Structures are given as structure tokens and as C-alpha cells.
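What follows is one structure encoded as C-alpha cells, with my remarks underneath.
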Amino acid sequence: MPFGVWLGRRGAAFGLFASLALWGVAARATPFLVADIDGGQVLIQNEATAVWYPASLTKLMTVYVALDAVRAGKLTMDTPLAMSARAARMQPSKMGFRPGTEVTLDNALKMLMVKSPNDVAVMIAEGVSGSVEAFADDMNKAAQRLGLQESHFVNPNGLHDPEHVSSARDMAIIARALLHEFPDHADLYGIGALRLGNQIITNHNGLLGRYPGADGMKTGFTCPAGWNVVATANHNGRRLIVVVLGAPSAKLRNQEAADLFDRGFAMGAGGSGSLESLPSSGGGPTDMRAPVCLHRNAAAFAGAEEESIAEAAAQASSSGRGAVVAAAAANGAPYHAELSNERPHFDPVPVFIGPAPGWKGPVLAARPASNTLPADVKAYSAEKANGVEDSASAAPSAPAILTRAVRTPPVLHHQLAYRHKSTKHPVASKSTVRPPAVASGKGAGDANTKNVKKEPKAATND
């Protein structure tokens, strides 16, 4: 659809919308930012350096640290990672894999960006750095190298912790670093849907397929954080980043991001300075729990990033935000791209459980800080001793400890034959899609999904 179709809705409808928006600004104006991806210039911002709970936007930094480890030769995109008992205990959103399940880093990162599973985030952290705590240290070291000012990370998934904070500016810096330092993996952030066996998993980013030129990044939600998004779009070769934090619903978060893109693309080059030059605001993070989740159906928000469920509970009080549209009116740029409510269609990218066919390297999992991979060991299996799982004896906050070595299971001939028939994705250029197994008896089973459990409900959302 031509870009102009989405712009320029003025007149009475806009006046009403702006009036509601002005009411929302008076009540609460939360952070947002528009920046140029190539030059890093800030085009529009409000409280962009205010300390905020990032929720699942955290996973952008998780991807950065993981790709940095690949760049350093610590592992490859095909390296399998093992799900620990600690990872499996994470609250939703999650894949629900059982402890011991193996997933390649390539597939894990795709799941992380589309489904936003908290268990997979911990599995990546433990595989890359050995433990959640060590990975958090690596996240903070990377934050220092990137020049982040308001960020401090304590986990790889963004589940709420008072010490786990960031800002709109810092999130934009992470996004630019991912796109500039790892351009070969840029498609990772714009996958509209995944196929895992017979299961189709859709992305929570409501701009993909709805806003012209939108090509990726990440959403996030917890009650203390509100509805957050880092989004990117490309219009005629000009690339922008938009960050919106603290929206009261997913629908309004998406609409605000679209309005910000409209304003940014309508502006000329230049801006108000670089991302790094914005002065820090200071102070502590705002807790959005009351305006976002109070008096709403707690069960509906238990699905965390399951936005189709949580959004239904948020609709009743979704009006009254609109800070972006009000700001647009004040600056003489009343652009408003009305996003469609229709679900866009995406060709799902296939992912699978288990090692890539032919893999002969190590399987990485949680390990003690002093542990290294012996040269004569092919792989490690998490939290098992003499074939008996012993996860109950470990403290919930302690890293899983590997106690015995195992070898990668042999590759079946039908898997090898399938390697060159599967659909490739730019991000998965080094991995191979494992074929679905032929179901026996019931006709609906799949070897790749037999370890997937239905998500339990939880009070904490991300």
C-alpha cells in the first residue's frame, strides 16, 4: 500500500483524537523517541533518558551478547543449548520445553524474537556465559562499551526486578548496535511467524505487516513497565528507530509508534543531537502497575507477551493516552496512520528442537564459573548424575551444574536427506530445518514438538 495512504488524516476526526490525547498528556506522558538509524540523530523525544523497566525489550541486549559471543568464536549459530531446570521454571511467556531439551542458538534466537519465551532467554544465557548471573555481568559490560547511561541488567529476559532498568535512549542505542554490528542477522527482528512442527507462533510486534516499511525489533510488557516497543522502519532508504515505553495497552502502543514514524519520516534530516548527547534525567523508574493492570482481569495478563489475551482486558481503558498525536498537533504535523485490525499473513519461518543434522560439537548448558569444556568431551548434559535428574536439590536461584558428559545423538539418514530440501531463512544460513516426524497412531504427533507443554498461568508478565 502506498505510504501516502497512511498519512494526512486531518479535520474533525483528528481534532477529537487530539483532544483525547491532550487529556492523556495531562494525566501521564511517558517516554518515547524517534532516531535516525544511520546517523544516530534524535528527531523527536520525550523523557527519553528517564529510567524505565524495559520488560522484554531486555532480550535485544540478550541477542547482542549472544551474537557478540559468536563473533568472538565462543560458539556458533549451530551450537545446541540445553534447557536447565532453572530455565524451565521461568514464568510465561515460555516455550515450555522440558529440562534437557536441546535447541540450537540460531533457533533459540528466532524463538526469542518472535515468541519472547523467558525460559529460552535463560537457556541462551546459561549456554553463552554459564549462568544467569555471569550473563548479566556480560550484559552490563556490553552496556558500558556501548555507552548506555541508564541501563542495569540482572537477567536475560526482563522479568521484573527493581534493579533491572533501562531507558528509551539506551534501547535505541542497543537497536542501532545490533543493526550496525551484526547486519547479517538483521532479518532476525522482522520474522512475522515461526513454524515449530505443527504449531504456528506469531510475532507480538503489531507494526509488522500493518505499517508500511516496518521491518522489526521487539515488544515488551509487564505491569510495572506497561506496554513497550522498539520498532524500526524503512521508507525509501531512510531508516528510523522508534521507542515507546509505558503505553497502557498494546493497541495504543502500536498506534503511538506508527504516529511517531509518520512524524519522523515527514521531518527533514538533522535533529536535536545524537543519542549519546541526551542528558540523563536521573531519578528512579516509574511503576505503571496501577494505571496498566489495576482493576483488570489478572488472569488475562498472566500470559505475559500473549498480547491477544491481555489486550482484551486492556480495551476498556485504552483511550486517554495519545501523547504522540497531541505532540504532533502542537508541532504542526497532524499525521495519523490508522493501523488495521486485520491480522497480517506471514510465511512462517521453520524452527526445530534438537541439534542440526551432522552436528558433532559441544552442547552448551549451565555450568559452574570455573568449569570449562574438556577437550575430550563432545557435549554436556545439565543437572543429571548417573542418569538421574536431580534438579530439586538445587536452589531455585543457583545456576545449574553439569555433572556428567554425554555425546550428541547420531543423525538419522532421513534428517541428512532433508537438509537441502528445507526452506532457508537469511538468519538460518548455517543451520538446517529438521523435518517433522511421521506421526503414528494418533495422526497428530510430531517429534519436534513432543516436549512442548501448554503454558501455565502466572501473575508476573513478560
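Tabulated data for the structure shown
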item: Segment 176-222, relative contact order [Cα under 8 Å, separation at least 6], %; result: 30
item: Using a Förster distance of 60 Å, the FRET efficiency for S340-K360 (Cβ separation, nearest 0.05); result: 0.80
item: Estimated Rh, segment 156-197: Kirkwood, alpha-carbon pairs, angstrom; result: 12.8
item: Peptides 30-43, 343-356 ordered by average Cβ neighbours within 10 Å, highest first; result: 30-43, 343-356
item: Extension gain from L294 to R145, taking 0.36 nm per residue of separation minus the Cα-Cα distance; result: 49.8 nm
item: For segment 112-231, convex hull of alpha carbons as volume per residue, Å³; result: 126
item: Peptides ranked, highest mean first, by Cβ atoms within 10 Å: ranges 277-289, 82-94, 66-78; result: 82-94, 66-78, 277-289
item: Amide H partners (placed H, <5 Å) of V349, local residues excluded; result: A193, L194, R195
item: Label-to-label distance, nm, for residues given as E163 and D287 (7 Å Cα→Cβ offset); result: 1.8
item: Burial order of peptide ranges 198-210, 157-169 (average beta-carbon count within 10 Å, highest first); result: 157-169, 198-210
item: Cα pair count fraction exceeding 19 Å, expressed as % - segment 57-167; result: 37
item: Over 25 Å (Cα to Cα) - which of K115/K360; K141/K360; K218/K360; K94/K218 fall in this group; result: K115/K360; K141/K360; K218/K360
item: Amide H contacts under 5 Å for I44, placed H, 5+ residues apart; result: V34
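The numbers here are math on the coordinates, done by the rules we state, and not lab data. Please read all numbers here as calculations on a predicted model, not as lab measurements. A quick note on method: Cβ atoms are made from the backbone with ideal geometry, for glycine too, and the neighbour counts reach across all protein chains shown.
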